[in-house]
Structures are given as C-alpha cells and as structure tokens.
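The values are calculated or read from the model by the stated rules, or taken from the named source; none is laboratory data. Model, not experiment: these values are computed from the prediction. Please note: Cβ atoms are built from the backbone with ideal geometry, for glycine as well, and neighbour counts cover all protein chains shown.
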Amino acid sequence: MSEEIKKNNYSADSIQALEGMEHVRMRPSMYIGDVGVRGLHHLVYEVVDNSIDEAMGGHCDTIGVAINEDGSVTVEDNGRGIPVDLHKKEGVSALEVVMTKIGAGGKFDKDSYKVSGGLHGVGVSVVNALSVHMKSTVFRDGKIYEQEYERGKAMYPVKQIGETDKRGTRQTFYPDDTIFTQTTEFSYDTLSARMRELSFLNKGITITFTDKREVDEKGEFKVEVFHSDEGLKEYIRYLDGNREPIISHVISMDHEKGEIPVEVALIYNTSYTENIFSYVNNINTHEGGTHLQGFRSGLTRTLKKYADASGMLDKLKFEIAGDDFREGLTAIISVKVQEPQFEGQTKTKLGNREVVSPVSQAVGEMLENYLEENPNDARIIIQKVILAAQARHAAKKAREMVQRKTVMGGGGLPGKLSDCSEQDPARCEVYLVEGDSAGGTAKQGRDRNFQAILPLRGKILNVEKAMHHKVFENEEIRNIFTALGVTVGTAEDSKALNLEKLRYHKVIIMCDADVDGSHISTLILTFFFRFMKELIEEGHVYIAAPPLYLVKKGNKKEYAWNDVQRDQANERMGGSAAIQRYKGLGEMNAEQLWETTMDPSFRTLRQVTIDSLAEADRVFSMLMGDEVPPRREFIEKNAVYANIDA
Ligand code: 0RA
C-alpha cells in the first residue's frame with residue numbers, strides 16, 4: 001500500500017483521504033447498507049442522486065443512465081460540471097477531492113440545493129472506493145477534463161483531453177467483484193423502476209435509461225425515456241392504472257410551506273387497500289414518520305370536518321376511526337428536508353418534528369378546496385368512509401377470533417400443520433404447500449427436526465379483491481396466521497403486524513412448477529404483501545424451486561430445472577435417456593422431493609425481496625385486481641416466466 005500512496009501523494013492530506021477510502025472498502029455495509037444486490041444498485045442511485053441535485057438546483061434538465069456492454073454503468077448530466085480548479089486546502093483539483101475524499105460531497109458549494117441524506121447522499125467517493133475502475137469526465141468552460149481511478153485511488157491528476165461546447169458531468173464505474181461477491185450484474189428492471197420513480201418525484205427532468213448489454217431483433221439497445229410534467233399526479237395515475245377510481249380527478253398540490261417543500265397527490269378507488277407512499281429527498285420512507293403523520297392528521301381532520309358539516313354522519317351508530325378515511329386511498333407524499341433525521345430499524349422513518357404541521361396544513365388546504373369545488377366527489381368519499389367503518393367493525397370481530405386462537409397457543413395450532421420439534425424459530429422453517437397430496441409427500445420427505453409443513457387447499461383467497469373482514473374470516477388465511485404465530489393490531493395501530501412470536505424464520509412457498517402453481521404462489525405473495533409486508537421486508541419469505549425434469553438412464557439420474565439443463569444431462573448420459581416431465585409436486589416421491597427441493601444442502605430457495613413498494617403494489621394490483629386487459633398484457637410480456645407449461 002505504501003508504494004501506491006507515494007505514487008499518488010500530492011499532499012499529506014491525501015493520505016488521510018486514502019484511509020477514509022480504505023475504511024469504505026473494509027466496511028462497505030456501513031456506507032451502502034449491504035454488499036448484495038441491493039447495495040450494488042445503491043451505487044447507481046448514489047451517482048444519479050448527484051445529477052438529480054444538480055437538476056433540482058435548476059442547473060440541468062437531462063440525465064442519461066446506461067448499463068454498458070461490459071456491465072459498467074455510466075451516468076451523465078448536462079449540468080455545470082464538477083469544478084476542476086485547485087482546491088486550496090487539499091492541494092488537488094476539486095474533482096479529485098469529490099471523488100477520493102469521504103464526505104467531501106458538494107461542501108465547497110454552499111449555495112447548491114443539496115438535500116441528500118439517509119442511505120443515499122454518502123457521496124460519489126464511496127462509489128469510487130467500491131469500484132475496480134471509475135472515470136470522471138467533466139465538460140466545463142469549453143474544455144473536457146478527465147480523471148480515472150482504481151479502487152478509489154486517482155491514477156493521475158485531472159487532465160484536459162480536448163475542447164467542447166457541451167456542459168456537464170459523466171461518471172462511469174465498474175463495481176468491484178471482490179466487494180460485491182454475490183453479483184456485479186445490474187438488473188434492468190430494478191434500475192428502470194427507480195429511474196421512473198425519480199422522474200415522477202422530480203418533474204420536468206428527462207431521464208434516459210439504456211441497456212447496452214443486449215440488442216433486439218432490429219439491432220437496437222433497449223432504451224426508455226422517463227419524463228413527467230405533472231409529477232406526483234401522473235405517478236398516481238401510473239400506480240392506480242389498474243384500479244377503478246371513484247372520484248373524477250387526482251387531488252394534488254405542490255408548494256413550499258415555510259422552509260419545507262411539500263408535494264402530495266391522492267385518489268380514492270374501489271379497492272379496500274390503503275396505499276400510501278412517502279418520500280423524503282427522493283428516498284422511499286418505508287417506515288413512514290413525521291411527514292406521514294402530518295398527512296394522516298390533515299386528511300382525517302379535513303374529511304371529518306366536512307362529513308360532520310354535511311350531516312351524513314348524523315344517524316351513524318358507531319365511531320369513525322382514522323383508518324376508515326384511508327380505505328381505497330392511494331396517496332404519495334414527497335417532502336424535501338435539509339437535514340433529515342432518519343430513524344427506525346431500516347433508517348427509513350423521518351424523525352423531524354418540524355415537518356408534521358406544514359404537511360398537515362398543506363394537505364388540509366388542498367382537500368378543503370377540492371371538497372368545496374367537487375361536492376359530488378366529496379359525498380362519494382364520505383360514503384366510502386362510512387362503509388369502511390362498518391366493515392371495520394365486522395373485521396374486528398373476525399380478527400379477534402384469530403387472535404384468541406393464536407394467544408391460547410398449543411391446541412390453537414391448525415390441525416393441518418405438521419409442526420417440527422425444534423423450538424428456536426431462527427432454526428425453524430415452514431413449507432406452505434399447494435394441495436393436501438403434495439403436503440403429504442412433503443411431510444414424509446422433510447426433516448421433522450426443523451421443517452414444518454402446512455398444506456393449503458387449492459387457490460387461497462384473492463385478498464386483492466376481498467374486504468378485510470372476509471380475509472380474516474377465511475380459514476386458510478387464519479391457518480397461516482396461527483401457524484406462523486403472527487398477530488395483527490396493537491392499541492395504536494389496528495393494522496400493525498406483530499412478528500415477535502414468529503415461529504419460523506423461513507416461510508417457504510412450495511407450489512407446482514406450472515401456470516396454476518405460479519398463480520397460487522402469486523396469491524400467497526399477494527396476501528403476504530398486503531397483510532404481512534414486514535415478513536417479506538425482514539427477509540423471511542422464500543419460494544422453493546422444484547425441478548421440471550428427471551433425466552434417467554440405467555442407474556444414473558439427474559434433475560433439471562430448465563430445458564438447457566435437461567439436454568445437457570441427456571448428453572452427459574450419452575443421449576436417449578428417459579426424460580420424465582414433472583407436471584406437479586405430486587409426481588415426486590418423498591425422497592425425490594427431499595433431495596431436490598427441501599434438503600438445505602442442495603435446494604435453491606429464492607428469497608422474496610421488494611425493490612420498490614410502489615412498483616410491487618402496481619404489479620399486485622394488476623395481477624390480482626379486476627381489470628383483465630393489463631394483466632393479459634403483463635403475462636404476455638413476461639411469457640417466458642408465465643408460460644412454463646406451454
Ligand atoms: C458543486 C459546484 C458546481 C457543480 C457541482 C457541484 C456539480 C456536481 C455534480 C455531480 C454530478 N453532476 C454534477 N454537476 C455539478 C459548480 C458551481 C459553479 O459552476 O459555479
């Protein structure tokens with residue numbers, strides 16, 4: 001290491017900088033959360049954030065993001081260009097300081113509109129430290145400047161490489177596979193969803209996203225251009241595209257109250273789901289916080305006041321609760337906070353108290369105006385609220401029954417559950433198995449020490465279309481709640497999930513590898529997503545991968561999970577092997593099911609994760625909701641996955 005320091009030693013301070021960069025490489029998770037798929041994609045978000053900041057300051061309007069042929073990523077903007085002049089304190093160019101010093105950020109530009117924070121906002125130097133190679137190109141004052149880095153170390157001082165009439169910054173980085181050992185491959189869908197989200201959250205900016213790793217039949221790269229003139233209003237239309245609205249417009253507002261810019265958009269639909277997405281500085285605050293609190297209080301106060309004045313509640317025999325105002329509500333709240341305090345388990349809960357009242361006031365004003373101007377919609381909303389309150393009373397009764405069973409424990413466990421003997425939840429897993437017959441096979445094949453089996457009857461309830469009390473009355477669903485030991489509802493929040501008594505840390509969905517099987521998996525996932533989201537978020541949900549083929553010749557046998565593996569296995573056996581196509585789990589015997597799908601030393605489990613809550617919501621509402629055409633379109637587009645059986 002000392003050799004390298006000497007080579008790049010422009011000033012004594014750079015040694016300190018190097019130490020900071022070494023620390024990033026030693027403890028990457030402290031800076032980007034983790035070094036798995038999520039952390040890898042954070043690198044891109046970090047670089048894009050810097051360009052978004054430049055755009056928010058009004059200095060640029062176009063951002064290009066590309067996955068290159070070699071798997072590296074390039075982010076380019078038409079902003080002012082990162083300054084390259086000498087940084088007096090550091091003795092090297094400002095660009096080099098930004099790229100190689102931890103926490104340098106945009107500190108030298110006090111006027112810049114910079115609000116990054118939370119998981120992002122750690123600085124582009126972190127990306128540099130975690131890349132085998134990075135190159136910065138700056139177009140500024142008619143000149144092109146360049147500097148390259150290896151694992152965060154400058155390879156040479158900034159140099160001028162030409163002239164230009166362009167302005168802007170281009171960053172290309174190649175993630176380090178000694179850090180990201182799981183994978184360095186970027187997911188098109190993950191990045192595309194984030195770029196779309198960013199374009200809705202920052203209206204007016206154009207984000208072009210290109211994947212250069214593959215070309216289509218016409219020899220062209222996959223390109224998407226994201227641009228939103230209406231921001232959150234359009235975002236709501238996009239998210240709720242597969243739901244039926246009950247009012248005529250998206251209700252929205254965008255203004256700065258005091259110091260804090262607040263944007264809100266909402267609509268009511270025919271569903272029973274509450275769908276609120278909140279953002280702080282473009283970061284999805286999964287755990288909510290003070291901006292969400294402000295939103296809720298503004299909504300409840302204003303609707304309640306209107307409803308009281310309208311006389312519609314006069315004959316009501318029961319109380320209306322906060323929840324009732326949010327059934328069938330889809331809303332997005334986006335605030336920009338200069339010094340955000342992030343709290344909570346995943347640091348995605350806004351803690352700044354000063355945010356509550358501006359959001360609450362802004363939401364109140366927005367709603368009051370809308371209700372005043374659209375009395376018909378106002379009446380429809382209040383009617384929906386009353387229906388929700390009625391249904392809630394019914395649901396409460398049904399839920400209490402689930403609760404009672406769970407709390408009593410022991411005899412309370414569902415009769416269909418074949419439990420394991422191990423007591424420590426961290427070592428226990430439960431297989432949710434499609435059908436009683438496969439359930440029986442799994443029961444024989446399992447390791448009963450730590451594997452429990454819960455067979456599910458046919459297609460479980462589609463919770464996307466059912467009222468809440470129907471969900472809690474459903475036997476299969478009650479069995480899942482009781483088997484898992486999970487309860488719903490606390491004194492403060494009737495929908496809060498209690499995972500403390502979770503009986504298995506791995507919940508594994510095991511269905512046939514055909515269209516019906518994937519439908520059933522999707523139904524179960526929809527249920528988890530709507531009613532046990534935390535179970536997914538905390539990484540407890542998995543999908544088992546049963547094989548599609550058994551390839552057999554003489555005393556040799558191999559399993560195959562796709563056609564390529566099947567053909568390769570056949571070749572290895574010298575061709576003309578007997579090939580059995582498994583039409584379902586039921587065709588496997590207990591031993592086969594164990595060795596392919598349940599044995600921890602051999603099986604592959606796919607962990608279910610959520611990249612974007614908003615995108616997941618849209619997909620589930622499409623797959624499981626009322627409207628058929630969009631679902632057909634999605635299934636056709638994703639036919640490779642959906643069409644396993646054809
Ligand atoms: C601070 C000062 C100036 C530009 C930037 C930051 C800047 C940073 C990034 C990061 C990605 N793209 C960017 N574009 C600009 C220049 C201030 C000036 O020219 O007066």
Over the range 146-155, the set of residues crowded, with 21+ Cβ neighbours inside 10 Å and either farther than 18 Å from residue 22 by Cα or among the polar types (S, T, N, Q) (or both) is 147
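In the range 19-61, which residues are polar (S, T, N, Q) and within 16 Å of the ligand (Cβ to nearest atom)?
Keep residues of the range 19-61 that are polar (S, T, N, Q), which gives 29, 50-51.
Passing the criteria: 50, 51.
Within the range 546-556, can one find any residue that is part of a loop (DSSP other than H, G, I, E, B), under 21 Å from residue 429 (Cβ atoms), in contact (Cβ under 8 Å) with a residue 12 or more places away in the chain and not hydrophobic (A, V, I, L, M, F, W, C)? Spell out how you get there, then give the answer.
Start the filter on the range 546-556 by keeping residues that are part of a loop (DSSP other than H, G, I, E, B), which leaves 546-548, 554-555.
This time we only want the ones that are under 21 Å from residue 429 (Cβ atoms), so: 546-547.
Filter once more, keeping what is in contact (Cβ under 8 Å) with a residue 12 or more places away in the chain: 546-547.
Restricting the remaining residues to those that are not hydrophobic (A, V, I, L, M, F, W, C) gives 546-547.
Yes, the conditions are met somewhere in the range 546-556.
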So, residue 92, is that one under 33 Å from the mean Cα position of the chain (by Cα) and either buried (at least 22 other Cβ atoms within 10 Å of the Cβ) or within 22 Å of residue 144 (Cα to Cα) (or both) or not?
no
Hits in the range 65-80 - residues which are within 26 Å of residue 186 (Cα to Cα) and either within 12 Å of the ligand (Cβ to nearest atom) or among the β-branched types (Val, Ile, Thr) (or both):
65, 67, 73, 74, 75, 76, 77, 78, 79
Filtering the range 234-278 down to residues that are of a type in the set (Phe, Trp, Tyr) and crowded, with 22+ Cβ neighbours inside 10 Å, which residue is farthest from residue 333 (Cα to Cα)?
272
Consider residue 317 carefully, then state whether it is within 20 Å of residue 202 (Cα to Cα) and among the basic types (Lys, Arg).
no
How many of the residues making up the range 557-589 are more than 21 Å from residue 521 (Cα to Cα) and either of a type in the set (Val, Ile, Thr) or in contact (Cβ under 8 Å) with a residue 60 or more places away in the chain (or both)?
3
Given (1) touching a helix residue (DSSP H, G or I) at 6+ places or on another chain (Cβ under 7 Å); (2) crowded, with 18+ Cβ neighbours inside 10 Å, where does residue 85 come up short, assuming only one miss?
(2)
Residue identified as at pLDDT 90 or above, among the hydrophobic types (A, V, I, L, M, F, W, C) and buried (at least 21 other Cβ atoms within 10 Å of the Cβ) among 65, 37
65
Could you list, ordered by first residue, the pairs with Cβ atoms under 6 Å in which the first is in the range 155-178 and among the acidic types (Asp, Glu) and the second is not in a loop (DSSP other than H, G, I, E, B), at least 6 apart or interchain?
163/143; 176/131; 176/132
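With of a type in the set (Gly, Ala, Ser) and out of contact with any Lys or Arg (no Cβ under 8 Å at 6 or more places or on another chain) as the only criterion, which of 271, 278, 252 stands out? If you could, list the steps in order and put the result at the bottom.
Working: 271 fails: out of contact with any Lys or Arg (no Cβ under 8 Å at 6 or more places or on another chain); 252 fails: out of contact with any Lys or Arg (no Cβ under 8 Å at 6 or more places or on another chain).
Only one candidate passes the filter, namely 278.
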Scan of the range 81-97 for residues that are within 13 Å of the ligand (Cβ to nearest atom) and not in a strand (DSSP E or B), ordered by number:
81, 82, 83, 84, 85, 94, 95, 97
Criterion violated by residue 218 - all others in (1) modelled with pLDDT of 95 or more; (2) farther than 30 Å from residue 28 by Cα; (3) surrounded by fewer than 16 Cβ atoms within 10 Å (Cβ to Cβ) satisfied:
(1)
